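Working notes, beginning with the structure itself.
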Amino acid sequence: MKVVKVSAIWCGACLIMNKRWKEINTKYNFETISLDVDVDEDVVEKYNTGEKLPVFIFFDDDDRELGRLIGEKSTSQIEEFIEGIR
């Protein structure tokens, strides 16, 4: 599974989620592509993420979108979401 993580360095929720995501990714070992809304504007636009950050977009091995996590979530909410789309 691949994950595109869209965030910004000025986003408080993004900073909190960065730590949680590192813990989650240690367990699940996803291929993660990190994008910054200010630096990677053109790429971020194609994912149609809206204005709320961060956004985690999950894809299967055939690059089909499986789901999105938007905003700050607890570790248990993230794991529950992942288990639901696996």
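The values are calculated or read from the model by the stated rules, or taken from the named source; none is laboratory data. None of the values given here were measured: they were computed from a predicted structure. As a convention, Cβ positions derive from the backbone with ideal geometry for all residues, glycine included, and neighbour counts pool all protein chains shown. SASA here: full protein model, heavy atoms, side chains in, ligands and nucleic acids out. Shrake-Rupley method; radii C 1.70, N 1.55, O 1.52, S 1.80 Å.
Among all positions in the range 33-46, there is no residue which is crowded, with 16+ Cβ neighbours inside 10 Å, hydroxyl-bearing (Ser, Thr, Tyr) and in a strand (DSSP E or B). Here is the figure for the range 55-85: residues that are over 17 Å from Glu31 (Cβ atoms) and not hydroxyl-bearing (Ser, Thr, Tyr) total 10.
Consider the range 47-86 and keep the residues that are charged (D, E, K, R) and closer than 24 Å to Gly12 by Cα. The one that is most open to solvent (accessible area, probe 1.4 Å) is Glu51. Going by what's in this entry, would Glu23 be described as open to solvent by 90 Å² or more (accessible area, probe 1.4 Å) and touching a helix residue (DSSP H, G or I) at 6+ places or on another chain (Cβ under 9 Å)? Answer is yes for this residue. Restricting attention to the range 10-32, the residues that are part of a loop (DSSP other than H, G, I, E, B) and of a type in the set (A, V, I, L, M) total 0. Of the residues Thr26, Thr32, the single one that is polar (S, T, N, Q) and within 18 Å of Ile85 (Cβ to Cβ) is Thr32.
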